[in-house]
Amino acid sequence: MTESSVEANLQRQSDEIQALSSIYGNDWHILDANSKKFSIHVAANSISSPRWEINLQVRMPHDYPLQSPPEYQIDAVWLRGEERLRLEDQLSQVYCDNIGEDIVYLWVEAVREFLQQKSDAGTRVNDDVLKVTEQNAVDCIESTPLFDEDQSFSSHSDHLRIPAKVSPLETCPEIIHGAIITDRKSTFQPHMALVTDKSQVKVVLNKLLENKKIANATHNMLAYRIVTGTGVVYHGCDDDGETHAGSRMLHLLEIMNVENVMVVVSRWYGGIQLGPDRFKHINNCCRQILESNGFSDDKDGKKVSKKDKKSR
């Protein structure tokens, strides 16, 4: 980021923080002004008591929103397993749909909608399980780092999203498998395919999941970027339980300016938490498979494959 873009980015953060403070009033709490760490108390709209509620903690990195998403932590002792993963997937999708935009408000309202759906469904609140006070949120963020690795990686079934079925008539693009990275018993492997339509993304993912080893991976994270002949860009990502992994992969595709590519990174968790190193390995997997398959600088500033260059 240039000096001018850094200044503009900091001003955007300041404006967003001021707007959020005005919108959420007493539900907005400053946990650490220097590191831009905040907590927002979110509750379902209900006349009954107690209500479904969550404390959403966020921290804005220096390069948010231009280059990185905010880091977040969901504090709700009642939110576990598939239900927690479903909410995390929703937040990841909100980011993927709004990369480069102010995202915290959209996240808060997505959490509120999630809670409202539980309330409208008539799900009863258990006082002993639900009660998460504002003080508990402060204590939690001081003792637990944001972006901490999930503790429940031992069972891949809690994380693997089964994609929707597609027509058997769909032809699957060629899938290329990349080099394996191993660190402290965890294994990472990238897979890549050239795609020109969003429907092919599901076809490729389904084909990959026919392989029992890949299907049994702890996470199968993906990102794709498709550019049509008219210049319309379609992109998307899926964390598959590894929060922010898909959006980071998508960000790499964007800064490399690759077109008509999807990348999947499979991770098999080995029982030892890697912390931030896991994101380094995911990023290196993506970059490695793209570069080893000929994606390099074109004279027009685009990243294209050797096959594309030959066809010109």
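The values are calculated or read from the model by the stated rules, or taken from the named source; none is laboratory data. As the structure is a prediction and not an experimental result, all values here were calculated from the model. Quick reminder, even Gly has a Cβ in these numbers, built from the backbone with ideal geometry, and neighbours come from all protein chains shown. Ligands, DNA and RNA are excluded from the accessible area calculation, which covers all protein heavy atoms including side chains. Shrake-Rupley method; radii C 1.70, N 1.55, O 1.52, S 1.80 Å.
Listed cross-link partners K118/K280; K198/K280; K202/K280 are compared with a 30 Å cut-off, the Cα-Cα value being larger for K118/K280. Averaged per residue, the range 1-74 has 49 square angstrom of accessible surface, using a 1.4 angstrom probe with ligands and nucleic acids left out.
In the complete set of protein chains, residue-level accessible area for K198 is approximately 100 Å², probe 1.4 angstrom.
Per residue, the range 254-297 exposes 37 Å² of accessible surface when a 1.4 Å probe is rolled over the protein heavy atoms with every protein chain present.
Taking 0.36 nm per residue of separation and subtracting the Cα-Cα distance, full extension of the segment from A33 to I272 would add 82.7 nm.
What is the local net charge at Y24, summed over the other residues whose Cβ is closer than 11 Å to its Cβ (Lys, Arg +1; Asp, Glu -1)? It works out to a net charge of -1.
Computed from label points 7 Å out along Cα-Cβ, the spacing between N206 and T230 is 2.7 nm.
Between the range 180-200 and the range 236-290, the C-alpha centres lie 8 angstrom from each other. With all pairs of separate Cα atoms included, the range 188-229 yields a Kirkwood hydrodynamic radius of 11.4 Å.
With only Cα atoms counted, the range 35-109 has Rg and Dmax values of 13.3, 42 Å.
Of the GluC sites (Glu not before Pro) found in the range 4-71, none is in coil by DSSP with at most 16 other Cβ atoms within 10 Å of its Cβ. Electrostatic tally near R112: other residues with Cβ closer than 13 Å to its Cβ, Lys and Arg +1, Asp and Glu -1, net -3. With q set to 0.12, 0.13, 0.19, 0.24 Å⁻¹, the log10 of I(q)/I(0) for the range 197-302, from the Debye formula over equal scatterers at the Cα positions, is -0.42, -0.49, -1.01, -1.44. Using the Cβ-Cβ distance between S22 and N257 with R0 = 35 Å, the FRET efficiency computed as 1/(1 + (r/R0)^6) comes to roughly 0.40.
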